[in-house]
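Written out below as structure tokens is the structure these notes cover.
The values are calculated or read from the model by the stated rules, or taken from the named source; none is laboratory data. Note that the structure is predicted; figures quoted are calculated from it, not measured. Heads up, the Cβs are rebuilt from the backbone with ideal geometry, glycines too, and the neighbour counts pull from every protein chain shown.
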Amino acid sequence: MNKSLRKAVIAGNWKMNKTRPEAKELIEAIKPLAVGADCEVVVCVPFTNLETAVEATKGTNIHVGAQNCHFEKSGAFTGEISADMLTELGVEYVVLGHSERRQYFGETDETVNKRLKAALEAGLKPIVCIGELLWERECGITEEVLGKQCKLDFFGISAEDMKKTVIAYEPVWAIGTGKTATADQAEEACAYIRSVIAKMFDKATADAVTVQYGGSMNAKNAAELLSKPDVDGGLIGGASLKAPDFGVIIAAAKE
Ligand code: 13P
């Protein structure tokens, strides 16, 4: 990554894993590994672990994120959590538009855009996930897919808000499959995303925005992925549940 322009963000997406005692134990194990990190370290935990995580990370350099939020402030939305409810808990980040939410829970670019606006208004730092399906890559339309997602998901937000937003490039075919994009494929896609942001906003915004890679990033491949100039960190699933592995990835972002 280009460290003169951006700080890496290494975020763990725990997905639907860990009870509260397990969450506390994992954070305690991550804490010493994050000391002195030359990147922003974030743990995005299930809703039920947010309070535990906020408490356990007080006075440390570990930041806490949720994995979704609703776009309305309150109302008859059974099962949903508002952005204000998250900030009130002390949560700083929120993952939006993860492909698992798009695939299993009817998330669309339109609802991602609404959630993004609500999250920004509440003062949260959003991590917006975009990425192509295997079929789309095979059909040669990766750039069209990424361009369309950027245009729809980031529609109507200001350049200032865009700079506060983290983009996670997560090729759907690489998530939880053990198939990582090569470092060159990750670089190509992250650089393309940055070029779309430059066209939608301006070069200064594109230079400032963090574009992470996500999809089977692990202790072995992180250093190579993170060495690429447009890969500004990672959104890590499975490997973020093992403190030593997550620690190696944090350390790789230093180099
Ligand atoms: P894995 O690292 O388990 O492939 O998950 C990636 C991901 O979906 C992070 O949001």
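Tallying residues that are part of a loop (DSSP other than H, G, I, E, B), touching a strand residue (DSSP E or B) at 6+ places or on another chain (Cβ under 9 Å) and of a type outside the set (Lys, Arg) within the stretch 46-74 yields 10.
Can you spot a residue in the stretch 77-94 that is crowded, with 24+ Cβ neighbours inside 10 Å, at pLDDT 95 or above and within 16 Å of the ligand (Cβ to nearest atom)? Before the answer, list the steps.
From the stretch 77-94, those crowded, with 24+ Cβ neighbours inside 10 Å are 83, 86, 91, 94; that's our starting set.
Add one more test, that the residue is at pLDDT 95 or above, and what stays is 83, 86, 91, 94.
Adding the requirement that they be within 16 Å of the ligand (Cβ to nearest atom) leaves 94.
Yes, the stretch 77-94 contains at least one residue that is crowded, with 24+ Cβ neighbours inside 10 Å, at pLDDT 95 or above and within 16 Å of the ligand (Cβ to nearest atom).
Consider the stretch 196-226 and keep the residues that are in a loop (DSSP other than H, G, I, E, B) and in contact (Cβ under 8 Å) with a residue 60 or more places away in the chain. The one that is nearest to MET16 (Cα to Cα) is GLY215.
Table: residues versus (1) away from the ligand (no atom under 14 Å from the Cβ); (2) free of Cβ contacts under 8 Å to residues at least 40 places away in the same chain.
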residue: ALA8; (1), (2): yes, no
residue: GLY12; (1), (2): no, no
residue: ASN17; (1), (2): no, no
residue: ALA37; (1), (2): yes, no
residue: GLU51; (1), (2): yes, yes
residue: VAL54; (1), (2): yes, yes
residue: GLY65; (1), (2): no, no
residue: LEU116; (1), (2): yes, no
